[in-house]
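Below: the structure, in structure tokens.
The values are calculated or read from the model by the stated rules, or taken from the named source; none is laboratory data. Note that this is a predicted model, so its numbers are computed, not measured. Methodologically, a virtual Cβ is constructed for each residue, glycine included, from the backbone with ideal geometry; neighbour enumeration extends over all protein chains shown. Quick note on the areas: whole protein, heavy atoms, side chains included, nothing else; ligands and nucleic acids left out. Shrake-Rupley method; radii C 1.70, N 1.55, O 1.52, S 1.80 Å.
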Amino acid sequence: MTIQQPARQTVDLAMFGGDRAVPRELGIRPWPMVTGQDEQAVHRVLRSGRFTSASSGEQEIAGLEREWARFVGTEHCVAVSNGTAALSVALGAAGVEPGDEVIVPALSFIGSATAPLHLMAVPVFVDIDPVTFNLDPAALEAAITSRTKAIVVVHLHGLPADMDRITEIAARHGITVVEDAAQAHGARYRGRSVGSIGAVNTFSLNVSKNLATCGEGGLITTDDADVATRALMLRQFGELIPARGERSYVAHLLGWNCKPNAIQAAFTRSRLTQLPAEMAVREENVGRLLGRLAAYPGFLVPQVPQDRTHAWHILRIRVEPAAFGLADELAGPLRSVLQRALRAEGVPAVPYQLQPLPAQRVFTGRRGFGGYPWALPGVVDRPYRPGDFPATLRVLDDSFTIQKAHLHPDSGPLLDRYADAFEKVWLNREALAAVAATTDYTPHWERASEIADTEWAGAFDAR
């Protein structure tokens, strides 16, 4: 996209040669924080010589499982190697089998939809609510068929979905609810922690998450002892491994190798003791930023219903064309221009996902296991059409996100400068609107499809 410099009144914008609102020396603080306490936890494992859940007498993984179950308020927790593995194992433990259908929101990270695919189950996508960015309960029931086995409810960016309506619909149809709380550690819905409401639920401990490990990790929570036992077996070759004593090496069912790492478990245990205080500071810092942005009607900040709390893993800001004097169909070009202006000022405004999940080539091209699970007997192979998800397409087109910059407790001064940058951009809204009105523009998801075509062909040409 080429942007021509507009009228003189905008020369103070950094994108046209002015000074940045955010000084370069005021950068994003490293995340996750690594404290002396975290280092001691890691050294404790190194001294123990026990590094995985297969190590007899290992304490860190079991300790993390107990502590996270207590924090969330569930009877059981099973730690695994990463967040996507957690979702695959949870769905398997809940009884999802080849040919079953699993409902997934159209906007999420790819792992939310490939986890059922790894079980040879068929992902069925549902549009989102454009305010919460979560699965729209009004669209959910129409997607349910006689083959629907589970609903993956993603608490996107850290805001809990409408669990009452979703669980009521699921109960009427006898369908299992699985919470994907990968981005929502510590968020609460009507007094309950996310990850305690579904039949079986998952979290990611990826290094980018609010509760992070020093690499990868995942957690599964449930109140069902049988589900927890199956999850334990699925994470390690279908075996039942005793906490102490000899390992039998008997595989009771088909499992994976999704063992967690004791070093990462110890690091997460240490981080967990610091999570509540960090959540409180993050709420204050983010609240101050969004409070200032709310004064500029061209920027639509996240809304949090009174019955829930937000974990603030990612901040998604939508743009309002009417506030810039533009027609609604110019939302995409306006977002593109504003995103570029903010980045020039020092705000790391970026997309989160370039396309809806049903536009991903793994689904549109049926690139699973040689055409399966769609080719399984009895499976209705319905098309994956991005146009069937208008709310998702609109949100992708008219919004950008801020990621990671706000996670560190000391990010307050940086976020204050971000607010200054938004104000500066807003004050130059007429000139930026004029640029948006004359900009050649292609939506994210169409560009992502073109890129995918090129990369796919290039990968095989290289061979």
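Annotations
- Rounded to 5, the percent of DSSP beta bridges in the chain classed as antiparallel: 60
- FRET E, pair residue 252, residue 225, Förster distance 22 Å, beta-carbon r, rounded to 0.05: 0.85
- Solvent exposure of the chain as accessible area per residue, Å², 1.4 Å probe: 41
- With the biggest extent put first, the Cα atoms of the chain measure 77, 56, 52 Å across the principal axes.
- Surface accessible to a 1.4 Å probe, residue 76 within the full protein complex, Å²: 60
- Summed side-chain charge close to residue 108 - residues other than residue 108 whose Cβ falls under 15 Å, Lys, Arg +1, Asp, Glu -1: -3
- When the P(r) is computed for region 309-463, the part past 29 Å accounts for 35% of the Cα-Cα pairs.
- Loop-located chymotrypsin sites (Phe, Trp or Tyr not before Pro) in region 167-266, at most 16 other Cβ atoms within 10 Å (DSSP): 249
- Cα point-scatterer Debye curve for region 57-164, base-10 log of I(q)/I(0) at q = 0.14, 0.15, 0.16, 0.23 Å⁻¹: -0.62, -0.71, -0.79, -1.26
- Solvent exposure ordering (accessible area, 1.4 Å, most first) of 441, 296: 441, 296
- Extended-chain gain in nm, criterion 0.36 nm per residue less alpha-carbon gap, residue 274 and residue 288: 2.9 nm
- Prolate/oblate/rounded label for region 267-307 (Cα gyration tensor, a/c 1.5): prolate
- Only lysines eight or more places from residue 404 in sequence, or on another chain, were considered; those with a Cα closer than 23 Å are 209, 424.
- Fraction of accessible area attributable to carbon and sulfur, the chain (%, probe 1.4 Å): 52
- For residue 15, the solvent-accessible surface with a 1.4 Å probe is about 40 Å², rounded to the nearest 10.
- Proximal charge balance of residue 188 [Cβ under 10 Å; K/R count +1, D/E count -1]: +2
- Sorted largest first, extent of region 317-379 alpha carbons per principal axis (Å): 54, 27, 15
- For the chain, excluding the exposed loop sites themselves (GluC sites (Glu not before Pro), DSSP loop, at most 11 other Cβ atoms within 10 Å), the longest remaining stretch covers 26-245.
- Sequence-ordered 3J(HN,Hα) estimates for region 402-415 from the Karplus curve with 6.51, -1.76 and 1.60 and θ = phi - 60° stand at 10, 10, 6, 4, 9, 6, 5, x, 8, 7, x, x, 5, 5 Hz, glycine and proline given as x.
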